[in-house]
1. Just to check, using Stokes-Einstein with a Kirkwood Rh over alpha carbon pairs, what's the diffusion coefficient of the chain at 20 °C and 1.002 mPa s in µm²/s?
2. Just name one of I64, H7, L22: the one whose Cα is farthest towards the positive end of the charge dipole of the chain (beta-carbon charges, Lys/Arg +1, Asp/Glu -1).
3. List, in order, the whole-Hz ³J(HN,Hα) value for each residue of region 43-60 obtained from phi through the Karplus relation with A = 6.51, B = -1.76, C = 1.60 and θ = phi - 60°; use x for Gly and Pro.
4. Express the accessible area of the chain per residue in Å², computed with a 1.4 Å probe while the remaining protein chains stay in the model.
5. Helix-only estimate, please: 222 nm mean residue ellipticity of the chain, summing -39500 (n - 2.57) across DSSP H runs of length 4 or more and dividing by its residues, to the nearest 500.
6. Residues with amide H under 5 Å of F24's amide H, sequence separation 5 or more or different chain, H placed in the peptide plane at 1.01 Å from N; which?
7. What list of ³J(HN,Hα) values in whole Hz, one per residue of region 8-17 in order, does the Karplus curve 6.51 cos²θ - 1.76 cosθ + 1.60 (θ = phi - 60°) give from phi, with Gly and Pro shown as x?
8. Below 15 angstrom from the Cβ of N62, what's the summed charge of the other residues (Lys, Arg +1; Asp, Glu -1)?
Amino acid sequence: MRPPHIHFKVSLKGHHTLVTQLYFEGNMYNAKDSILNSLSKEEKKKVIIKLKKEVTGLPTGNFIITLKKDSK
């Protein structure tokens with residue numbers, strides 16, 4: 001079984017298209033996920049977020065997406 005995750009495909013004219021997945025810190029299935037564990041420690045830091053409970057009771061978190069410019 002894979003951990004809960006969200007797939008992203010982000011594109012912008014003049015930039016490389018980014019395809020990635022977002023994972024949630026502390027999920028028991030993260031340790032066994034072959035895709036997540038194929039990443040380096042630094043790469044994992046970029047795709048695993050810690051959710052926080054807001055006043056509304058709904059979980060929130062931040063995920064920064066950076067696109068590389070095409071080299072032309």
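1. 155 µm²/s
2. I64
3. My calculation for region 43-60 gives 5, 4, 4, 7, 10, 10, 10, 9, 7, 10, 8, 8, 4, 6, x, 8, x, 9 Hz in order.
4. Ligands and nucleic acids excluded, the result is 85 Å² per residue.
5. When only DSSP H runs of four or more count, the value is -2500 deg cm²/dmol.
6. So F24 has HN proximity to I49.
7. 10, 10, 10, 9, 8, 3, x, 10, 5, 6
8. Charge balance near N62 sits at +3.
The values are calculated or read from the model by the stated rules, or taken from the named source; none is laboratory data. Everything numeric in this text was worked out from a predicted model, so none of it was measured. FYI the Cβ positions are ideal-geometry reconstructions off the backbone, even for glycines, and counts take in every protein chain you see. Heads up: the accessible areas ignore ligands, DNA and RNA and are worked out on the full protein's heavy atoms, side chains in. Shrake-Rupley method; radii C 1.70, N 1.55, O 1.52, S 1.80 Å.
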